[in-house]
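Asks: Once you've had a glance at the structure underneath, I'll fire off some questions.
The values are calculated or read from the model by the stated rules, or taken from the named source; none is laboratory data. Just so we're clear, the structure is a prediction, and the values are computed from it rather than from any experiment. Ideal geometry is used to build each Cβ from the backbone, glycine not excepted, and the neighbour counts take in all protein chains shown. Remember, those area values only see protein heavy atoms, side chains included, never the ligands or the DNA or RNA. Shrake-Rupley method; radii C 1.70, N 1.55, O 1.52, S 1.80 Å.
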Amino acid sequence: MKKYLVIIALLFTAFSINAQQVSSRAKAVRMLAYARPEYQVKDVKVYADTMTVFSLADYPIYPLGKWSNVEQFITNNQLLWYRESGYKRFYDTMTVAVNTLKRLDGTNINWYRSIWTNKLEMVAAKITDTAVVMDNGIKVGMSKEEVFKVVFKSYPKSYTAEINVLKVIAGAAEVGEIYTFKGNKLRHIQIFSKYKYY
């Protein structure tokens, strides 16, 4: 009798785990249908508390806009930045001239001017300052709902209730942004790049 109870318990556990996986897949497929057309979303994945959106748009590649030089960016956003210039190793094989912009709260942006695109390309950034606004309008301090409404037209609120991390990634998964929430507020934004632009 104990054997049968153990087998039934194991089967119940297996079915509930499988149901959770189907549920995550179903959420991802449904969220894909809600995506805004300007983001050109090709796939959505949900895993635990993280939602990853794969986009073909320019937003993940140029999260702070397209600029020809650092001075243009500084003049346009009218914030006080501390600037450092130097060389940094990038992608373990290249050393490039990187401009680092910093704010007093620890916000920092690392980028360089590409010889191929003649634009500033991101190396990495961490944004915690509420005054720094992304090109898509997202800034630290926004509610989770406001952030998701930038990427999705509408969606069931229950689909994002347990999401603490939203990743918006370029199609090849080499550049993108990571939005981290604490409670219902956007806590910080991380920008990463593994792509060789130089």
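Asks: Which translational diffusion coefficient, to the nearest whole µm²/s, is obtained for region 135-183 from the Stokes-Einstein equation, given a Kirkwood hydrodynamic radius over C-alpha pairs, 10 °C and 1.306 mPa s? Write out the running numbers ahead of the final one.
Replies: Details: Rh = 11.8 Å.
After rounding, the answer is 135 µm²/s.
Asks: Which ³J(HN,Hα) values in Hz, rounded to whole numbers, follow from the phi angles of region 50-57 under the Karplus curve 6.51 cos²θ - 1.76 cosθ + 1.60, where θ = phi - 60° and Gly and Pro get x?
Replies: Listing the rounded values in order: 10, 10, 10, 10, 9, 10, 9, 6 Hz.
Asks: Calculate I(q)/I(0) for region 58-139 by the Debye formula, one identical point scatterer on each C-alpha and no solvent, and give its log10 at q = 0.14 Å⁻¹ to two decimals.
Replies: Values returned for q = 0.14 Å⁻¹ are -0.45.
Asks: Please turn the phi angles of region 137-143 into ³J(HN,Hα) values with the Karplus equation 6.51 cos²θ - 1.76 cosθ + 1.60 (θ = phi - 60°), one per residue in order, whole Hz, x for glycine and proline.
Replies: Working through the residues one at a time gives x, 7, 9, 4, x, 5, 6 Hz.
Asks: When the distances between all Cα atoms of region 82-181 are binned every 10 Å from zero, what whole-number percent does each bin get?
Replies: Taking all Cα pairs of region 82-181, the binned fractions are 13, 39, 32, 14, 3 percent.
Asks: Here are some pairs, Lys66/Lys149; Lys88/Lys144; Lys45/Lys139; Lys119/Lys139; Lys102/Lys182; Lys126/Lys157; which of them have Cα atoms lying more than 31 Å apart in this structure? Mind dumping the intermediate values first?
Replies: Working: Lys66/Lys149 23 Å; Lys88/Lys144 34 Å; Lys45/Lys139 23 Å; Lys119/Lys139 23 Å; Lys102/Lys182 23 Å; Lys126/Lys157 27 Å.
The answer is Lys88/Lys144.
Asks: Another question, if that's okay. At a 10 angstrom cut-off on C-beta neighbours, averaged per residue, how do the peptides 112-124, 51-63 rank from highest to lowest?
Replies: Top to bottom by mean Cβ count within 10 Å: 51-63, 112-124.
Asks: Can you tally the net charge around Thr100? Count Lys and Arg as +1, Asp and Glu as -1, for every other residue whose Cβ sits under 10 Å from the Cβ of Thr100.
Replies: Values: positive: Arg83, Lys88, Lys102; negative: Glu84.
Once positives and negatives cancel, what remains is +2.
Asks: Once ligands and nucleic acids are excluded and a 1.4 Å probe is used, how much of Ile127 is accessible, expressed in Å² to the nearest 10?
Replies: 0 Å²
Asks: Taking amide H atoms as placed 1.01 Å from N in the peptide plane, list the residues 5 or more away in sequence, or in a different chain, whose amide H sits under 5 Å from that of Asp43.
Replies: Sorted by chain and number, the residues that satisfy this are Phe54.
Asks: Run the 1.4 Å probe and let me know the accessible area of Glu177, rounded to the nearest 10 Å².
Replies: Looks like 0 Å² after rounding.
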